[in-house]
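The values are calculated or read from the model by the stated rules, or taken from the named source; none is laboratory data. All values derive from a computational prediction rather than experimental measurement. No Cβ is skipped: glycine too gets one built from the backbone with ideal geometry, and neighbour counts run over all protein chains shown.
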Amino acid sequence: MGEHSREHLSRKDSIWIQTGREGQELDAGSATGKSLGVFTSGGDSQGMNSAARAVVRMGSFLGCKVYYIKEGYQGMVDGGDHIIEASWASSSGIMQKGGTVIGSARCADFRQREGRLKAAKNLIDKNITNLVVIGGDGSLTGANLFRQEWNSLLDELKATDRITDEQRKSCSSINIVGMVGSIDNDFCGTDMTIGTDSALHRIIESVDSISTTASSHQRAFVLEVMGRHCGYLALVAALATEADWVLIPECPPDKGWEKTLCEKLSAEREMGLRLNIVIIAEGAIDIEGNPITANMVKDLITNELKYDTRVTVLGHVQRGGKPTAFDRILGARMGAEAVLALMDAKPDTPACVVSLDGNQTVRVPLMECVERTKSVQEAMNKKNFQEAVRLRGKSFQNNLATYLRLSKLRPPKVMCDPTGQVCSSGKKLAVMNIGAPACGANAAVRSFVRFALTKGYTVLGIHDSFDGLLYGDMTQIVDPVKPIGWTDVHGWTCQGGSLLGTKKCTAARYGLDKVAEKLKEHDISGLLIIGGFEAYHSALQMTEARSKYDAFCIPMVVIPCTISNNVPGTDFSLGADTALNEIADICDRIKQSATGTKRRVFIVEVMGGYCGYLATMAGLAGGADAAYIYEDPFNITNLRDDVIHLKNKIIQLGVQRGLILRNENANANYTTDFIHQMFSEEGKGSFTCRKNVLGHMQQGGVPSPFDRNYGTKMASKAVDYMITKVEENTTEDGKIKSCTKDSAVLLGMCRRQLLFTPLEELREITDFEKRLPKQQWWLSLVRPLLRIMTKHSNETYRADAILTNVDLEDDDNA
């Protein structure tokens, strides 16, 4: 499968993985003369349109003739107007739409050989020998069967004179590449399927909404979510909403679960909680394999506890609505890679699936993934549930273990009392926020507190950053440095902002001597800092001062949490996903405002400091025509070229709206006002121009499912790492002396791994003046794709991508 192929032992256990070509050089028109078709099949999912759009535009960029095959396999069988050539204009304005604009249908005809004969004839008539399939495992299996039968189908068509000798030769082989479009996330071989993130958004929006009415009336709610025989949606939704109980098919409850459930719900009411949430997967079963339904759980709670209990079956609401920024970007990246995989394929190349592994798009053998997916169901049929959970992968196992630990009513009695003040280790860890507020910080604090308590460590919450630590008596908070108990963090996962309070000044600004004195005074054995660049810089300042102050010789971990995503050592920061969704949503509304007002271009300024991550990613998610950022210098000629580009699109393609994003510090002279005025003047007669500065609304909102669970996961790993370092560096007199560079680290996701990187190493790759990493992954991978997707035809798909060897994988990919 290529020099980068290695064997994985995770969710992709024994599945060969080939690194894709994302970010590598590829020139326009390099595949002129080839034809390919794209279709969606099976159940629809949000993000399919983004994937189809990317296939059309990357194919067109390479010089291919691209066809839409409408209504899935049924359209392939019926032919005629169901197979139409796609154009740039026909793929415009579809990215933000849910479902699939080219239609999807179940097709009984394709299951019969005669149906596949008709499909082959229709493809040959259009000279289509490359297919992109967007669907679930059933759709992908059907495509592989079609490929295996291709030669025999052609022979039969030739024997019955339905095709010519020339057609038989020119279409002698067919290549298949799949993308998994499914809200269930039940496909082995990819970390996320297209549509899963959007479905989680629908579920969590529903749970958050239901929680308010449930609390008002002291009700219990039982929510049934989709997923067929996969409990991923139910499990992750339970984690993200702090549900009281979850029922999934891979891990059925033990005998007597009914009594355990009622006891837990009753105990929570006695503790003062006003509502109960139970989430159940539609395929939930008991240990004997008998179905457990939402109504059964509702009747149980009503009869045993006499609670006012309601059932909500979310149903197809989960499939609906517009796709999230994550699914739009995922669809775009996968769609582009699918075309590249087809162009690389030879007649004997096995069908593959483009999947996501950590933060990389990779190619995996289609049928190996399908067989692994089927083996999960086989394990459940045999009631081998432990094996079923293992086959779901390490991430699924971690999610399950995390939920079981965090959802308990209190920490183990042998470890801590519920207040968190009396713990078995006798040591104290501390947590604080530094920097601008960002969603996901509260989820991380909750996870850190509860995991630390289960291990016997007291957790001190430091309110208002260094203000609270140093000047507690002068703040309005009573006792700003105090232990946090188990129930103190109940409900924190769902809330945005920073409940601990946060400030943007670094440790050096306050005085390192004062900070060291207070850390010593509170006898802190380990420190977790959750925040942005200021958090990283403060931790580095304290690390560099260890030779002067023993109080800094403790394990310190930084979890990046900033919408700007400008902290070195990680691909993703907490809060960036929520901000991207806010920006994408606002851009959708801005573009919609031009409905009926023809030919309008919007200039939108987004935050990020000097980091162009938000502008670039929001540009890809929002279908922007350009994104101006500091890292990619531009001049007046570039601006003029973009005006001409927009005029040509509007006049020649009939596109009615344009979108330009600008990072707030992209250029000191080419400001948002300047660009607006220039586009307004140069666009006269072709379009009008409006500007919007989004401002602090990008920091607000409800945390996205990704940020909730990413924060939960990162903090749990931080606890384990920190406690390990505390125990390794405890002296005989009980003091902590930890001065090695691996005891002051930043935890981040780097491509395919979660890594603890020493702060001293990160110093060398940091631009402190501009508050930026010197290298950023998205510059080489996403920027060229953004230009291609917006018809900048002279763009070379080129990047200096640093390909991570797959055998370095951390099985705990986010």
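Some values worked out for this structure:
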quantity	calculated
Odd one out for GLU250, checked against (1) on the phi > 0 side of the Ramachandran plot; (2) at pLDDT 95 or above	(1)
In region 636-671, the residues that are surrounded by fewer than 18 Cβ atoms within 10 Å (Cβ to Cβ), of a type in the set (S, T, N, Q) and not in a loop (DSSP other than H, G, I, E, B)	THR637, ASN638, ASN648, GLN652
Candidate set: region 754-786, residues that are in a loop (DSSP other than H, G, I, E, B) and surrounded by 17 or more Cβ atoms within 10 Å (Cβ to Cβ); chosen: the one modelled with the lowest pLDDT	GLN776
Residue in region 159-173 that is farthest from LEU131 (Cα to Cα), counting only those that are of a type outside the set (S, T, N, Q) and either in contact (Cβ under 8 Å) with a residue 60 or more places away in the chain or surrounded by 16 or more Cβ atoms within 10 Å (Cβ to Cβ) (or both)	ARG162
Output for region 158-192, where each listed residue is hydroxyl-bearing (Ser, Thr, Tyr) and either assigned by TED's automatic domain parsing to the domain that holds ALA237 or touching a Gly at 6+ places or on another chain (Cβ under 7 Å) (or both)	SER182
Qualifying residue in region 352-359 (condition: more than 22 Å from the chain's Cα centre (by Cα), surrounded by 24 or more Cβ atoms within 10 Å (Cβ to Cβ) and not basic (Lys, Arg))	yes
Residue within region 678-685 that is part of a loop (DSSP other than H, G, I, E, B), within 23 Å of CYS611 (Cα to Cα) and of a type in the set (Gly, Ala, Ser) present	no
Yes/no for SER216 being out of contact with any His (no Cβ under 9 Å at 6 or more places or on another chain), among the hydroxyl-bearing types (Ser, Thr, Tyr) and either over 17 Å from PHE706 (Cβ atoms) or modelled with pLDDT under 95 (or both)	yes
Set VAL362, VAL313, VAL317: member being at pLDDT below 95 and touching a strand residue (DSSP E or B) at 6+ places or on another chain (Cβ under 6 Å)	VAL362
Selection within region 734-753 - among the charged types (D, E, K, R) and either surrounded by 17 or more Cβ atoms within 10 Å (Cβ to Cβ) or touching a residue at least 12 places away in the same chain (Cβ under 8 Å) (or both)	LYS737, LYS741, ASP742, ARG751, ARG752
Residue selected from region 239-286 under the condition touching a Phe, Trp or Tyr at 6+ places or on another chain (Cβ under 6 Å) and in a helix (DSSP H, G or I), by the criterion surrounded by the most Cβ atoms within 10 Å (Cβ to Cβ)	LEU239
Only listed residue being touching a strand residue (DSSP E or B) at 6+ places or on another chain (Cβ under 6 Å) and either polar (S, T, N, Q) or at pLDDT 95 or above (or both), chosen from ALA615, ALA624	ALA615
Subset of region 651-688 [among the charged types (D, E, K, R) and under 15 Å from ASP625 (Cβ atoms)]	ARG657, ARG662, GLU682
Output for region 569-608, where each listed residue is under 18 Å from the mean Cα position of the chain (by Cα), part of a helix (DSSP H, G or I) and surrounded by 21 or more Cβ atoms within 10 Å (Cβ to Cβ)	ALA576, ASP577, THR578, ALA579, LEU580, ASN581, GLU582, ILE583, ALA584
Residue identified as among the basic types (Lys, Arg) and under 24 Å from the mean Cα position of the chain (by Cα) among ARG162, ARG147, ARG202, ARG168	ARG202
Index of the failed condition, GLY231 passing every other in (1) buried (at least 24 other Cβ atoms within 10 Å of the Cβ); (2) in contact with a Ser or Thr (Cβ under 8 Å, 6 or more places away or on another chain); (3) within 18 Å of ALA281 (Cβ to Cβ)	(2)
Residue ranges of helices (runs of 4 or more DSSP H) in region 496-557 with at least 3 members in contact (Cβ under 8 Å) with a residue 60 or more places away in the chain and more than 23 Å from GLU764 (Cα to Cα)	none
